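In what follows, a structure is listed as structure tokens, so that the remarks can point back to it.
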Amino acid sequence: MNITDIFEYLGTFAFAISGIRFAAAKRFDWFGAYVVGFATAIGGGTIRDVLLDTTPFWMNNANYLICTAVALLTVIVFRKYIVKFNRTLFVFDAIGLSFFTIVGMQKSIDFGQPFWVAMIMGVLTGCAGGIMRDVLINDVPIVFKKEIYAMASVFGGIVFYVCWRLGMSLMFAEIAGAVAVFALRVYSVMKNIDLPQMKEEEHDE
Amino acid sequence: MNITDIFEYLGTFAFAISGIRFAAAKRFDWFGAYVVGFATAIGGGTIRDVLLDTTPFWMNNANYLICTAVALLTVIVFRKYIVKFNRTLFVFDAIGLSFFTIVGMQKSIDFGQPFWVAMIMGVLTGCAGGIMRDVLINDVPIVFKKEIYAMASVFGGIVFYVCWRLGMSLMFAEIAGAVAVFALRVYSVMKNIDLPQMKEEEHDE
Amino acid sequence: MNITDIFEYLGTFAFAISGIRFAAAKRFDWFGAYVVGFATAIGGGTIRDVLLDTTPFWMNNANYLICTAVALLTVIVFRKYIVKFNRTLFVFDAIGLSFFTIVGMQKSIDFGQPFWVAMIMGVLTGCAGGIMRDVLINDVPIVFKKEIYAMASVFGGIVFYVCWRLGMSLMFAEIAGAVAVFALRVYSVMKNIDLPQMKEEEHDE
């Protein structure tokens, strides 16, 4: 288990926890919470892999299933205390967002996609699981309304690309991209920065 | 038309009826009801086939379309009496769940997937159509909150696997698995058994 | 840029505008509005391409992304006046529906699918983006409840098929099909024609 595995499982765990907690707030049963947690964790990468026409990554390896099971147990057992770990879970989630974004981009590039497709795939990998979670619990996707989340993915993707084009090694460019996602995500939450909201149209009718 | 065809069409019919009745309760028009019925009937198998990277089963054969059309006609014509057939439709639905679970597992094994993937595919085949139905009518997926439904799929999958590993013929193992899904589904509804619900977190804030 | 390109971009633009306006009504942020607009514009064709097992069309060409960006800018800048262009946008949307339906059918036929599959793919190409939009903004899909929209696709598909079978050239049959979609769509809105609604069941319980 090397450092990228650690990032990957921290991110998977944090995404699954987020899905399970949202499901718990809607009083889902254990099965429902497990499914929502799993969908949050693997949903983005699954859509990416279907669009790239390759076998979804979680079908090669049962670790994602197990990681989600651990997350479910954690939420059930530590229900009373979990709110105290919100800050830690936020950091794990930001790690997941950074890691999944860059992994999604890298995989798309490996499949011969142009950079702009890779960037969409990076954002999908990082954000589509959370959208799937919100659709499954019948809420409006939170990523569309609050905070800098997906834009951190986009920003990291641009940093990755620029570094790479400037001649950095792939590994350094990836690290720079991931750090950029993480930094913008954490900074925007600390400073309460949101994207501009759309305004309503004015109707006379 | 052999016995498995009969099970398949009973199940498809029952799933389509369920989608159409939910759509009717939301006052959808005929087209909407047809689409929701069709999605309920073929949604799970379609997701399975996309993940397995094969042509969705209903594109090989117009029978599923026709079966859904019959279901739509049935609901429109027998609207006043359909509630009296709830018990029969419940049995058909349980047959569908059993049949689709085992078919989904079998197909995944044929595609060289390991058993744990096959079990996910079995549950998806049996349950994802109902989830799609609830997303399309903008409700919280009922399978996440009420009754033993998906867990019956999981249980039948385990029975299938154990029987197979114990050296039973594939056919017997499949029948045992399907009977297990059906039995647990019917038993849990008769006895009003639910899965444990997630509890809300306690917040002081 | 020939005439079919013009139709394609008018349709894409109108579909994106519709997604962005719905997102604005829900007070999404700019990113959310962009994603909903993009999903509305390319969602149907993407599902079609995944089912046909080919690379989603928008991954070959960044024009759809750019077209959605132009639509977003348009809605932001002309917010106060856009309601005055409802009629023009309706015509563009009807062009998009006609064009996407026939393109979806043509592509499916090129992939060796039978006519009835091509018709489903045509309807999906024309309508599934709008369904995806409504799922993402957490509304009931409007196409299931109001107006003749998908049925215009179905009607145009039948006209296409009949003309083709009667020996017309493919191009003429396609034009006839597209005109039929457009005509039925516009006529039904002018005359306020809806499909029959499903009625609720009567329960004594």
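Report, by residue number, each residue of segment A:175-203 that is acidic (Asp, Glu) and open to solvent by 40 Å² or more (accessible area, probe 1.4 Å). Write out each step before concluding.
At the first step, the residues of segment A:175-203 found to be acidic (Asp, Glu) are A:194, A:200-202.
Within segment A:175-203, A:ASP194, A:GLU200, A:GLU202 qualify.
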> Just for segment A:2-11: of the residues that are over 17 Å from A:LEU89 (Cα atoms) and of a type outside the set (Asp, Glu), which one is least open to solvent (accessible area, probe 1.4 Å)?
Replying inline: A:THR4
>> For segment B:154-194, give me each residue that is among the small types (Gly, Ala, Ser) and either assigned to a helix (DSSP H, G or I) or in contact (Cβ under 8 Å) with a residue 60 or more places away in the chain (or both).
In response: B:GLY156, B:GLY157, B:ALA173, B:ALA176, B:GLY177, B:ALA178, B:ALA180, B:ALA183, B:SER188
>> Filter segment B:71-98 down to the residues that are more than 12 Å from chain C (Cβ to nearest Cβ) and farther than 21 Å from B:TYR34 by Cβ and list them by number.
In response: B:ARG87, B:THR88, B:PHE90, B:VAL91, B:ALA94, B:ILE95, B:LEU97, B:SER98
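Answer yes or no as to whether B:TYR187 is more than 7 Å from every other protein chain (Cβ to nearest Cβ), of a type in the set (Ser, Thr, Tyr) and over 14 Å from the mean Cα position of the chain (by Cα).
On the way: more than 7 Å from every other protein chain (Cβ to nearest Cβ): yes; of a type in the set (Ser, Thr, Tyr): yes; over 14 Å from the mean Cα position of the chain (by Cα): yes.
Considered against the rule, which asks whether it is more than 7 Å from every other protein chain (Cβ to nearest Cβ), of a type in the set (Ser, Thr, Tyr) and over 14 Å from the mean Cα position of the chain (by Cα), B:TYR187 comes out as yes.
Let's see how each residue does on (1) more than 9 Å from every other protein chain (Cβ to nearest Cβ); (2) modelled with pLDDT of 95 or more; (3) in contact with a Phe, Trp or Tyr (Cβ under 8 Å, 6 or more places away or on another chain); (4) farther than 29 Å from A:ILE193 by Cα:
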{"residue": "C:ALA24", "(1), (2), (3), (4)": "no, no, no, no"}
{"residue": "C:TYR34", "(1), (2), (3), (4)": "yes, yes, no, no"}
{"residue": "C:ILE42", "(1), (2), (3), (4)": "yes, yes, yes, yes"}
{"residue": "C:LEU65", "(1), (2), (3), (4)": "no, yes, yes, no"}
{"residue": "C:ALA69", "(1), (2), (3), (4)": "yes, yes, yes, no"}
> Can you name the number of the only condition in (1) crowded, with 22+ Cβ neighbours inside 10 Å; (2) at pLDDT below 95 that A:GLY122 fails?
Replying inline: (2)
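For segment B:50-57, state whether one or more residues are open to solvent by less than 10 Å² (accessible area, probe 1.4 Å) and in a helix (DSSP H, G or I). It would help to see each step written out before you state the result.
As a first pass, look at segment B:50-57 and keep what is open to solvent by less than 10 Å² (accessible area, probe 1.4 Å): B:56.
Cutting the leftovers down to in a helix (DSSP H, G or I) gives us none.
No, segment B:50-57 contains no residue that is open to solvent by less than 10 Å² (accessible area, probe 1.4 Å) and in a helix (DSSP H, G or I).
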>> Against the conditions (1) part of a loop (DSSP other than H, G, I, E, B); (2) more than 10 Å from chain C (Cβ to nearest Cβ), where does A:ASP139 fall short? Just the number, please.
In response: (2)
>> For the structure I just gave you, tell me whether B:GLY129 is more than 9 Å from chain A (Cβ to nearest Cβ) and open to solvent by less than 10 Å² (accessible area, probe 1.4 Å).
In response: yes
>> Looking at B:PHE31, B:PHE92, can you tell me which residue is under 25 Å from B:ILE120 (Cβ atoms) and touching a Leu at 6+ places or on another chain (Cβ under 9 Å)?
In response: B:PHE92
> Out of the residues in segment A:132-174 that are open to solvent by 20 Å² or more (accessible area, probe 1.4 Å) and among the aromatic types (Phe, Trp, Tyr), which is nearest to C:VAL135 (Cα to Cα)?
Replying inline: A:TYR149
> Restricting attention to segment A:58-85, which residues are part of a helix (DSSP H, G or I) and of a type in the set (S, T, N, Q)?
Replying inline: A:ASN60, A:ASN63, A:THR68, A:THR74
> Among the residues of segment A:102-110, is any in contact (Cβ under 8 Å) with a residue 40 or more places away in the chain, closer than 30 Å to C:ASP53 by Cβ and in contact with a Phe, Trp or Tyr (Cβ under 7 Å, 6 or more places away or on another chain)?
Replying inline: yes
> B:ILE148 passes all but one of (1) under 29 Å from B:MET171 (Cβ atoms); (2) part of a helix (DSSP H, G or I); which number fails?
Replying inline: (2)
> Here is a list of conditions, (1) over 30 Å from B:PRO114 (Cα atoms); (2) open to solvent by 10 Å² or more (accessible area, probe 1.4 Å); (3) in contact (Cβ under 8 Å) with a residue 60 or more places away in the chain, and B:ALA23 meets all of them except one; can you say which number that is?
Replying inline: (2)
>> Here are the criteria: (1) facing another protein chain (nearest Cβ under 9 Å); (2) open to solvent by 30 Å² or more (accessible area, probe 1.4 Å); (3) assigned to a helix (DSSP H, G or I). Tell me which single one A:LYS107 does not satisfy.
In response: (1)
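Which residues, taken from segment C:26-45, are in contact (Cβ under 8 Å) with a residue 40 or more places away in the chain and surrounded by fewer than 24 Cβ atoms within 10 Å (Cβ to Cβ)?
C:LYS26, C:TRP30
Kindly establish whether B:ILE6 is within 15 Å of B:ASN63 (Cβ to Cβ), at pLDDT 95 or above and either in contact with a helix residue (DSSP H, G or I) (Cβ under 9 Å, 6 or more places away or on another chain) or away from chain C (no Cβ under 14 Å) (or both). So that I can check it myself, show each step before the final result.
On the way: within 15 Å of B:ASN63 (Cβ to Cβ): yes; at pLDDT 95 or above: no; either in contact with a helix residue (DSSP H, G or I) (Cβ under 9 Å, 6 or more places away or on another chain) or away from chain C (no Cβ under 14 Å) (or both): yes.
Judged against the criteria, B:ILE6 is not a match.
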>> Condition first: in contact with a helix residue (DSSP H, G or I) (Cβ under 8 Å, 6 or more places away or on another chain), open to solvent by 20 Å² or more (accessible area, probe 1.4 Å) and within 17 Å of C:ARG27 (Cα to Cα). Now tell me which residues in segment C:63-77 satisfy that.
In response: C:LEU72, C:THR74, C:ILE76
>> Quick check on my filter: what residues within segment A:109-141 are in contact with a Lys or Arg (Cβ under 7 Å, 6 or more places away or on another chain) and under 20 Å from A:GLU8 (Cα atoms)?
In response: A:MET121, A:LEU124, A:THR125
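State yes or no: is A:ALA14 open to solvent by less than 20 Å² (accessible area, probe 1.4 Å), more than 17 Å from A:LEU124 (Cβ to Cβ) and modelled with pLDDT under 95?
Numbers: open to solvent by less than 20 Å² (accessible area, probe 1.4 Å): yes; more than 17 Å from A:LEU124 (Cβ to Cβ): yes; modelled with pLDDT under 95: yes.
Yes, satisfied.
The values are calculated or read from the model by the stated rules, or taken from the named source; none is laboratory data. This structure is a prediction, so every number in the text was calculated from the model and none was measured. For neighbour counting, all protein chains shown are included, and Cβ atoms are generated from backbone atoms with ideal geometry for every residue, glycine included. Heads up: the accessible areas ignore ligands, DNA and RNA and are worked out on the full protein's heavy atoms, side chains in. Shrake-Rupley method; radii C 1.70, N 1.55, O 1.52, S 1.80 Å.
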